[in-house]
Structure formats: structure tokens, C-alpha cells
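Before any comments, here is the structure.
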């Protein structure tokens with residue numbers, strides 16, 4: 001190994017719920033360093049979820065993350081001139097960040113009034129095992145399943 005691995009940064013829990021996961025999500029949601037705007041969008045989305053008469057908004061958020069979190073992914077590997085898609089297990093912190101990024105990506109592409117509304121809708125959909133982010137996870141798992149034959153090429 002040439003270089004040392006990056007030091008893991010300590011992330012402070014968010015002010016409202018006291019959860020580190022929320023802060024990580026908000027950091028991914030943030031554009032151009034506007035963290036306060038990002039927090040406002042997230043908390044507004046939580047209020048929208050509360051308003052829809054769901055169980056606790058934080059539970060919906062955690063369930064959505066859990067439902068979207070992938071277990072395996074495919075990585076390309078060249079073996080003798082041919083490129084194979086090889087299913088690989090995913091590290092825990094990568095799983096979490098992939099789930100967050102997918103939820104945010106599909107929330108942004110949704111059509112709705114505000115980002116808070118779109119995020120709330122995507123989180124609700126993901127907690128019910130539907131929506132774009134959940135479909136992405138299912139597709140990823142399907143890819144890994146169909147390429148299981150190449151798992152002996154693992155590196």
C-alpha cells in the first residue's frame with residue numbers, strides 16, 4: 001500500500017434529533033457549502049412527513065435508509081482481454097453513503113414544488129419499499145445476482 005488510508009472525521013450529531021446519520025445525510029444534501037439551507041430542507045421534509053400522519057419522521061427516515069441500503073454491488077474487472085462484472089460485498093460506510101446519495105439523487109429528479117417536498121416524498125416512498133432509490137437498489141442486487149457466476153474472479 002503506497003499511502004496511508006484517510007483518517008475518519010468525527011461528525012457532530014444534528015441539533016434537533018441528536019443523530020450523526022442525519023448530519024451525514026445533510027452533508028450529502030448540501031450544495032455549494034450551504035449547510036444551514038440543507039438543514040432547513042431536511043427539517044422541512046421531516047415536518048411534511050409528520051404532517052402526513054406517518055409514525056415518527058425520524059423512524060420513516062431510518063426505515064427509508066435501511067430499505068435503500070445495498071448489500072452487494074458489481075465491479076468491473078479485466079481478465080484476459082474480457083471485462084467481467086464481479087459481485088462484491090460493500091463496506092458498511094459505503095453502503096450508508098450509497099443509500100443516502102441515491103435517495104438525494106432521486107428526490108432531486110422528482111417533480112414537486114420544493115426540494116423539501118420532493119425529499120419527503122422520496123423518503124416516504126423508500127420507507128414503503130418503492131420509489132426511484134429503492135428501484136436502484138433492486139437493480140444493483142439483480143445485476144450482482146445475474147453475474148454470480150463470475151464471483152470466483154474476486155480480488
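Residues 143, 30, 46 in ascending order of nearby Cβ atoms (within 10 Å, fewest first): 143, 30, 46.
Computed over the range 1-142, relative contact order equals 24 percent, with contacts defined as Cα pairs under 8 Å that lie 6+ residues apart. The angle between the Cα long axis of helix 35-51 and the longest principal axis of the Cα atoms of the chain comes to about 70 degrees, rounded to the nearest 10.
Placing pseudo-labels 7 Å out from each Cα toward the beta carbon at residue 66 and residue 47 gives an inter-label distance of 2.8 nm.
When shorter helices are ignored and each DSSP H run of at least 4 residues is given -39500 (n - 2.57), the per-residue value for the chain at 222 nm works out to -17500 deg cm²/dmol. For the chain, modelled as a GNM whose springs connect Cα atoms under 10 angstrom apart, the maximal fluctuation among 63, 113, 137 occurs at 113. From least to most packed, judged by other beta carbons within 10 angstrom and beginning with the fewest, 152, 141 follow the order 152, 141.
Most fluctuating residue of 33, 81, 131 in a GNM of the chain with Cα springs under 10 Å: which is it? With Cα springs under 10 Å in the chain, the top fluctuation among 33, 81, 131 is at 81. Taking the fewest neighbouring Cβ atoms within 10 Å as the starting point, the ordered list for 146, 5 is 5, 146. Among 66, 138, 55, the largest mean-square fluctuation in a Gaussian network model of the chain (Cα springs under 10 Å) belongs to 55.
Stretching residue 55 away from residue 36 to a fully extended chain increases their span by 4.3 nm, per 0.36 nm per residue minus the current alpha-carbon distance.
Quick note: the coordinates plus some simple rules give every number you see, no bench work behind them. Computed from a prediction, not measured in an experiment: that's the story for all the values here. Neighbour counts are summed over all protein chains in view; Cβ atoms, including those assigned to glycine, are modelled from backbone coordinates with ideal geometry.
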